[in-house]
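S.K.: There's a structure below that I have some questions on.
The values are calculated or read from the model by the stated rules, or taken from the named source; none is laboratory data. Quick caveat: nothing in here was measured; it's all calculated off a predicted structure. All Cβ positions, glycine included, derive from the backbone under ideal geometry; neighbour counts span all protein chains shown. We work out accessible area using only protein heavy atoms, side chains counted, and drop any ligands, DNA or RNA first. Shrake-Rupley method; radii C 1.70, N 1.55, O 1.52, S 1.80 Å.
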Amino acid sequence: MRGGQNETRGLGAIIRQTVITEEQLIEYLSGRMSGPERERFEARLAEDPDALRQLVEQEKMDVALSMLLAKPGRTRVKQSIMTLIEGPAEVEVKSKIYERVEFETRRRGSATHDSSCGSIWDWVKSLPIQIQLAGLAVMAIAFFYLGRPNERKQIAKGDPTGNTNEFRPPIKLPAKQPRDPVEWPFASSSPWNTPIGSEAKFTEPVGIDLAAGIRIYDAHQVHPTVRASSASTIAPLQLYRANDPNPVASLRIAPSDIPTNTRNFALVADDGKTLYDITGGQLNGADITANQVVVADLTGSGMPDEYDAPTATGFSDYAGSLCAADFNGPIRRALGAVFHPSVLAANSDGSAHSWPASKTPSDYQARFGAFRQAGNLRIGTLLAIPPSVNVAEIGVESSGPAYELAKAFQNYGLYLKKPLAGSGNGPMLGMCGDMRGAILPPDFDQQLAIVAGHLKVVANNGPESVGGGGTPIRPLAPEFNP
C-alpha cells in the first residue's frame, strides 16, 4: 500500500486554494483542461505556498489510511477504496469532496511565498491526473467510513477482531459564515442579487461603443466607504444634514478617516448594516455636515423607493460597486455602471429611465443635451453576456479579474446607474471598484474591452421579470444568518 499512500499526497493542497474557483478545480481534476490551459493552472497552484505546505500534512492521512487498511475485518472498506481507485467515484462521494473544496476555498487565506516547496510541487505535477483523482476519492471514502454509526457501536462494545484503537470522529466542518452586508449587500430577493433567468431575451445595444471597454474608477478616491467602530477609545462624530440642527447619527469614526479628496462617500454604522449615503459631506470640527444624507438598510432591497439614493437617478453610487476581493472572484451579484450621457434614449413619455430606476434627472437636458430618439439604453437598463457565450474562450483566459467580471456579467448582469459627463473619448461605461490591493494584469484594459464587446441588453420589465424570468442559472444569494 505504500504506492497508494504516495498517490494520496498533494490532494489536500489542491483543495485549499483561495484564488481558484470550484468550477476550475472540477475541470482540472476531470482532465478536461487543454495542455496550455492546464500548464497555466498548475503555475497558479505552484504560487500558493499555503497549498504546498499541505502536502507535508498529507503524511498524516497516509498513516491513517495505512492503519485503516491493515486491520482485519475491513474487507468492505478495502473493496470500496479499490473500486474508487479503479473507476470513477460515486456521485455522493464526489459531492462530499466538493463540499470540502468549497469550504476550504473560503477558509484559507493567502500566505508569503516559500520557495523551498518548489521541489514538492514538481513531484505533484508528475503524477497522472487519474492517480490524483483516485487519491482524493480514497481520502473521501476513508472519512466516510470512519464516521459510520455502526463503526462507533462496534468500538464501544469492543471489536471482536481485537481492534482496541480509540475511535476518532471525522473532521466536522464549521457552519457557513454569514455574508457581510458591506462586502455583499442587500437581501437575497433584491434585484442586485437576482441571477438572470434561463428565458432571458437579449438584444443588441444601440448608441454605445462597447469596443472602447470599461473604465474602472478607484472607489477609495471617488466614492469611499468608511466603517464606524464600536471601540470606546474613538470619540463619536455627529452627522448632520445641512440646515438641520438635529443630528442624523452619532458614529465612532476617527476624523482622519473622513475623506478629503471627495465629498461623496458612505458611512456604515457599527451594526454593520446601516448605511449613510452622503453627498456634499465634509468634516466640520467634531461634526460631519452634508448636503444630503440617505439612511439605508444594507439587508433590504437596495433599490428605490426603499433605498432612494441621493443621486439624480435614485441609484446609489455605493450599490453595484466592486470590493477588493471581487477581482479574485467569484462575484455572485449584479454590478452597476455609470455611462456617457450621449447613449441615453428617450421613452415615449419623454423620460429616460426604466425599472428598477425611479427617475430621470430633471436637469438632464440642460446639463447633457437632448436624449437620443432611437435606442434601447436607459437608466436602469440591464446589460449581460448571453449564456451561449463561453467566456473562457473569448480571449480573457479562464481565470483572472477580467474573467471574473465576465462571469458576473453573464450570471447577474450590469445595471446602468447614472450618466457621467466626459469628453466622449475612451470607454463609455465606467465602474467603481476598491483598487487597494488589487493585482491586475498589464493588459487588463484590453481584456475588459473584449468582455464589454459581448454585452447585450436584457429584457427587464419589472420585479417579476429580472432577466426575463425562467429558472435562474445561478442560485440566489444566501441570507445573512448562517
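S.K.: Would you tally the net charge around residue 435, using a Cβ to Cβ cut-off of less than 15 Å, leaving residue 435 out, and scoring K and R as +1, D and E as -1?
M.R.: Residues close to residue 435 contribute a combined charge of -3.
S.K.: How far, in nm, would the chain grow between residue 284 and residue 40 when pulled straight, counting 0.36 nm per residue and subtracting the alpha carbon separation?
M.R.: The span from residue 284 to residue 40 would gain 82.6 nm if fully extended.
S.K.: So, R0 is 25 Å and r is the distance between the beta-carbons of residue 199 and residue 374; what FRET efficiency does that work out to, to 0.05?
M.R.: It comes out at approximately 0.40.
S.K.: Stretched out fully, how many nm does the piece from residue 218 to residue 365 gain, at 0.36 nm a residue minus the Cα gap?
M.R.: Stretched fully, the residue 218-residue 365 segment lengthens by 50.1 nm.
S.K.: Short version: what are the Cα gyration tensor semi-axes of the range 269-395, square root of 5 times each eigenvalue, largest first, in whole Å?
M.R.: In descending order the semi-axes read 28, 24, 13 Å.
S.K.: Cβ neighbours within 10 Å, averaged per peptide: list 444-451, 362-369 in order, most packed at the top.
M.R.: Ranked from most to least packed, the peptides come out as 444-451, 362-369.
S.K.: How much of residue 295 can a 1.4 Å solvent probe reach, expressed as accessible area in Å² and rounded to 10?
M.R.: Its accessible surface works out to 70 Å², give or take rounding.
S.K.: Extension gain residue 291-residue 261, at 0.36 nm per residue separation less the Cα-Cα distance, in nm?
M.R.: My answer for the length gained is 9.2 nm.
S.K.: Which order do the peptides 248-257, 322-331 take when ranked by the mean count of other beta-carbon atoms within 10 Å per residue, highest first?
M.R.: Descending mean neighbour count gives 322-331, 248-257.
S.K.: Counting only Cα atoms, I'd like the Rg/Rh figure for the range 226-298, Kirkwood definition for Rh.
M.R.: Using Cα coordinates only, the ratio equals 0.92.
S.K.: Quick one: accessible surface of residue 415, probe radius 1.4 Å, all protein chains present, in square angstrom to the nearest 10.
M.R.: So the heavy atoms of residue 415 present about 0 Å² to solvent.
S.K.: Can you give the FRET efficiency for residue 306 and residue 390, using 1/(1 + (r/R0)^6), R0 = 25 Å, r = Cβ-Cβ distance, to the nearest 0.05?
M.R.: The value I calculate is 0.10.
S.K.: Another question about this same structure. With a 1.4 Å probe and every protein chain left in place, work out the accessible area per residue of the range 322-450 in Å², rounded to a whole number.
M.R.: 40
S.K.: Quick one: go through the range 332-368 and flag any residue whose amide nitrogen is under 19 Å from the point 7 Å out along the Cα-to-Cβ line of residue 206.
M.R.: Label zone hits: 340-355.
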